[in-house]
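Reading through the structure tokens given below for one structure.
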Amino acid sequence: MIESKKGGSLASNPYQAMMSSLPHPVVMVDEEGFVAAANDMAQFFFQSSASHLRKQKLAELLPFGSPVLALVDQARDRLAPVNEYRIDISNPRIGVEKVVDVYAAPVPDMTGFVTVMLQERSIADKMDRQLTHRDAARSVTGLASMLGHEVKNPLSGIRGAAQLLESSVSDEDRALTQLITQETDRIVRLIDRMEVFSDQRPVEREAVNIHVVLDRVKQLAQAEFGDRIRIIEEYDPSLPHVFANQDQLVQVFLNLVKNASEAVIEVPDPEIVLTTAFRPGIRIQVAGSSEKTSLPLEICVKDNGPGIPKELEDCLFDPFVTSKTNGSGLGLALVAKIIGDHGGVIEFDGSGRQTIFRVMLPTSTSDQI
């Protein structure tokens with residue numbers, strides 16, 4: 001039973017069911033400013049149960065003098081919806097860097113009641129970045145297709161000519177022909193990596209246990225760097241399966257773990273943390289479908305390295321962007337493509353003491369198992 005501070009029951013009104021179905025934090029505020037109802041996402045956002053929230057005023061959940069309170073008053077006084085974008089509501093209770101878009105509207109037939117919806121800008125910006133990542137991957141697709149046809153054939157000719165010359169030149173000149181062969185092979189390997197982007201075949205998927213994937217990644221990673229880096233596992237054992245290609249997910253998380261291992265190799269007590277969790281609320285519209293897909297499976301790869309240079313953060317998943325001296329800049333671009341092909345989202349968070357790559361994926365439905 002959900003009740004307002006004044007004792008009126010809200011359990012039977014249709015707005016509660018509607019609020020519960022929304023993927024964003026939503027609270028209903030009564031005429032005195034007390035929280036009358038809160039959906040599941042609001043409880044998660046404010047880190048309090050609905051019963052605890054109903055004992056407090058909205059003003060107690062927000063920073064002193066927050067513009068959100070003024071919007072609630074405007075919606076109540078004008079009897080019309082109002083909204084404002086990019087309001088900072090950061091505080092010790094809900095965390096730092098909490099910037100939200102706010103939508104407030106009066107509740108019909110409930111005098112003085114206002115519904116407030118918060119949309120985190122980090123999520124909205126994340127959706128925008130995913131579209132950018134996919135556009136960048138498509139640009140590499142066209143470039144890879146062109147290179148495969150127009151560059152590989154001449155390279156084969158150059159390599160063949162260098163091998164023929166090698167048998168008829170002096171030992172001093174032979175080093176030059178070998179250099180030509182080695183550099184030609186290096187260019188071919190780079191083109192091979194780029195051609196992965198031009199593969200437009202549907203991904204073969206099935207119900208996959210994400211923890212089986214991560215166990216395989218851990219085994220492969222430890223075989224490479226042994227006991228030099230500690231890998232910590234923080235898993236939710238009750239997670240449902242993900243509808244995915246297991247080999248491709250291994251490729252994704254192995255790439256992220258290898259990047260993390262390179263980042264922490266020179267820090268004291270290097271460690272990589274793998275986490276899994278169920279996070280309801282994030283939904284995106286997948287290309288080719290009019291319906292939004294829920295992405296409740298969250299898998300994180302965290303490391304305690306020095307972090308990503310600030311100037312690279314906004315273009316981290318773009319092709320050819322890298323902070324490594326000898327890197328090609330295609331690894332994270334390929335990771336973003338694979339996750340996008342699976343209908344998921346990948347984001348980077350370097351705001352805290354850890355570098356975090358967060359992957360969100362859809363679950364496997366019963367008819368996909």
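Each value in this text was obtained by applying a stated rule to the coordinates, not by laboratory testing. Not measured: the values here are computed from a predicted model. Positions of Cβ are generated from backbone atoms using ideal geometry, with glycine treated the same way; all protein chains shown enter the neighbour counts.
Length gained on full extension, Arg186 to Glu206: 3.7 nm, using 0.36 nm per residue less the C-alpha separation. Residues Val252, Val335, ranked from the fewest to the most other C-beta atoms within 10 Å, line up as Val335, Val252.
Restricting attention to the stretch 14-120, close to 100% of DSSP beta bridges with both partner residues there are antiparallel.
Note down the Stokes-Einstein diffusion coefficient of the stretch 14-120 in µm²/s, whole number, using a Kirkwood radius over alpha carbon pairs, 10 °C, and 1.306 mPa s. Answer, rounded: 117 µm²/s.
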